[in-house]
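**Q** Quick one: structure below, then a few questions.
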Amino acid sequence: MNWLTDRKIPVGDTARLLFDWLQDNGAWFFDGLSDVLEAGIDGILWAFQTPPALLIVALFVTLTWVLQRDWKTCLLVALGFLFILNQGYWEETTESLTLVLSACVVCMGVGVPIGIAAAHRPRLYAGMRPVLDLMQTLPTFVYLIPAIVFFGIGMVPGLLATVVFVLPAPIRLTYLGVVSTPKPLTEAAQAFGATPRQLLWKVELPSALPQIMAGLNQTIMLSLSMVVIAALVGADGLGVPVVRALNQVNAALGFESGFVIVVVAIMLDRMLKVRSR
């Protein structure tokens, strides 16, 4: 088998050369992007940490009522945040929520338009599918390497690694929602003279809204699953005590911080669950 291994395809060397070229020629772009993202993260973090904690809890409970109209879900969210306060993880929780919210803004802002475009252009989606598969199946730790190379350590590389991992979810679900629009509905709209823009905004998007909201839910859950990995590149949040517990072999700290992550995931899932009509 030496004849096969002697002619190794230079995948790693090609990636290294590409990263070196980008680092040498695109430093101005990566520095500017880092400054913009860091400013946005700092703004969200300030909004979470400056007001009293109970006020933020009340706002989340109010938002839950607006979205769900269910007092049981509101009670669950309130008890979840009170548990987090009781355990002393409020600061870490707000940092993780900042990372999740930032990732949601980027992923939904990019993913939904791409999903809509792919739904109207089958060839585009056929070309995108292998890339989306690669983004979801490539080990997440691999994303941390270019993130560190281009952006150093901190919240920004953690955010970008999260975005790359999570972005396929809103793209796929938006695409699925738009292409699943009932044919009789679109044909009726076209028969009444609807323009392509009207067809999109008044027929396809309302029909695809449950799928888009499911994409938002998946974006949040997947982003939250990245908090521990993001902590490895210096991102603050609930992943930090988990990594510390792993290094110290501290079972109590690991279970405590891990359970808080589970509580946050349950609260966000219940808050954004699409209600059956």
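The values are calculated or read from the model by the stated rules, or taken from the named source; none is laboratory data. On a predicted model such as this, the values are computed, not experimentally measured, just so you know. Using ideal geometry, Cβ is built from the backbone for each residue, glycine included, and neighbour counts are taken over all protein chains shown. Areas reflect the complete protein model, heavy atoms only, side chains present, ligands, DNA and RNA absent. Shrake-Rupley method; radii C 1.70, N 1.55, O 1.52, S 1.80 Å.
**Q** Tally up the residues in region 27-39 that are within 11 Å of Met155 (Cα to Cα) and open to solvent by less than 60 Å² (accessible area, probe 1.4 Å), please.
**A** Final tally of qualifying residues: 2.
**Q** Sticking with this structure for a sec: Are there any helices (runs of 4 or more DSSP H) wholly within region 169-257 with 2 or more residues that are closer than 22 Å to Pro122 by Cβ and at pLDDT below 85, and if so which?
**A** Ranges flagged: 183-191.
**Q** Also, quick follow-up: Answer with yes or no whether Met221 is surrounded by fewer than 22 Cβ atoms within 10 Å (Cβ to Cβ), closer than 30 Å to Gly40 by Cβ and in contact (Cβ under 8 Å) with a residue 12 or more places away in the chain.
**A** Here the answer is yes, as Met221 does meet what is asked.
**Q** If a residue has to be under 19 Å from Asp35 (Cα atoms), of a type in the set (A, V, I, L, M) and surrounded by 17 or more Cβ atoms within 10 Å (Cβ to Cβ) to count, how many in region 104-118 make the cut?
**A** Residues flagged as under 19 Å from Asp35 (Cα atoms), of a type in the set (A, V, I, L, M) and surrounded by 17 or more Cβ atoms within 10 Å (Cβ to Cβ) within region 104-118 amount to 1.
**Q** Quick check on my filter: what residues within region 219-277 are polar (S, T, N, Q) and more than 15 Å from Leu97 (Cα to Cα)? Steps first, answer last, please.
**A** Here is the first cut: in region 219-277, the ones polar (S, T, N, Q) are 219, 223, 225, 247-248, 250, 257, 276.
Of everything in region 219-277, those that are polar (S, T, N, Q) and more than 15 Å from Leu97 (Cα to Cα) turn out to be Asn247, Gln248, Asn250, Ser276.
**Q** Any residue that is open to solvent by less than 80 Å² (accessible area, probe 1.4 Å) and closer than 25 Å to Phe150 by Cα - is there at least one of those in region 44-57?
**A** The answer is yes, given that some residue of region 44-57 is open to solvent by less than 80 Å² (accessible area, probe 1.4 Å) and closer than 25 Å to Phe150 by Cα.
**Q** Can you tell me how many residues within region 119-159 are open to solvent by 60 Å² or more (accessible area, probe 1.4 Å), modelled with pLDDT of 80 or more and not hydrophobic (A, V, I, L, M, F, W, C)?
**A** Summing the residues that are open to solvent by 60 Å² or more (accessible area, probe 1.4 Å), modelled with pLDDT of 80 or more and not hydrophobic (A, V, I, L, M, F, W, C) in region 119-159 gives 9.
**Q** Working only within region 58-77, note down all residues that are surrounded by fewer than 17 Cβ atoms within 10 Å (Cβ to Cβ), under 25 Å from the mean Cα position of the chain (by Cα) and without any contact (Cβ under 8 Å) to a residue 60 or more places away in the chain.
**A** Ala58, Leu59, Thr62, Trp65, Val66
**Q** Which of (1) free of Cβ contacts under 8 Å to residues at least 40 places away in the same chain; (2) closer than 22 Å to Asp133 by Cα does Leu160 not meet, given it meets every other one?
**A** Going through (1) free of Cβ contacts under 8 Å to residues at least 40 places away in the same chain; (2) closer than 22 Å to Asp133 by Cα one by one, Leu160 breaks only (1).
**Q** Still on this model: For Glu95, all conditions in the list (1) more than 19 Å from Gln218 (Cα to Cα); (2) open to solvent by 30 Å² or more (accessible area, probe 1.4 Å); (3) at pLDDT 90 or above; (4) charged (D, E, K, R) hold save one; what is the number of the exception?
**A** (2)
**Q** Report, by residue number, each residue of region 160-191 that is more than 14 Å from the chain's Cα centre (by Cα) and either of a type in the set (D, E, K, R) or buried (at least 16 other Cβ atoms within 10 Å of the Cβ) (or both). Walk me through it before giving the result.
**A** So the first thing to find is which residues in region 160-191 are more than 14 Å from the chain's Cα centre (by Cα), and the list is 174-191.
Those that are more than 14 Å from the chain's Cα centre (by Cα) and either of a type in the set (D, E, K, R) or buried (at least 16 other Cβ atoms within 10 Å of the Cβ) (or both): Thr174, Tyr175, Leu176, Gly177, Val178, Val179, Thr181, Lys183, Glu187, Ala189.
**Q** Let me ask something else. Return only the number of the condition from (1) among the aliphatic types (A, V, I, L, M); (2) within 28 Å of Ser257 (Cβ to Cβ); (3) at pLDDT 90 or above that Val112 does not satisfy.
**A** Just one mismatch for Val112, condition (2).
**Q** Within the set of pairs 6 or more residues apart or between chains, which connect a residue that is touching a residue at least 24 places away in the same chain (Cβ under 8 Å) and under 13 Å from Ile114 (Cα atoms) inside region 127-138 to a residue that is in a helix (DSSP H, G or I) and open to solvent by less than 80 Å² (accessible area, probe 1.4 Å) with Cβ atoms less than 7 Å apart?
**A** Every condition considered, the pairs that remain are Met128/Ala118; Leu132/Pro168; Leu132/Ile171; Leu132/Arg172.
**Q** Among the residues of region 264-272, is any open to solvent by 70 Å² or more (accessible area, probe 1.4 Å), more than 27 Å from Ile153 (Cα to Cα), part of a helix (DSSP H, G or I) and not hydrophobic (A, V, I, L, M, F, W, C)?
**A** yes
**Q** Separate question: What tally of residues in region 85-96 results from selecting those that are touching a residue at least 60 places away in the same chain (Cβ under 8 Å) and under 22 Å from the mean Cα position of the chain (by Cα)?
**A** Restricting attention to region 85-96, the residues satisfying the condition of being touching a residue at least 60 places away in the same chain (Cβ under 8 Å) are 87, 89, 92-93, 95-96.
Then drop every residue that is not under 22 Å from the mean Cα position of the chain (by Cα), which leaves 89, 92-93, 95-96.
Residues in region 85-96 being touching a residue at least 60 places away in the same chain (Cβ under 8 Å) and under 22 Å from the mean Cα position of the chain (by Cα): 5 in total.
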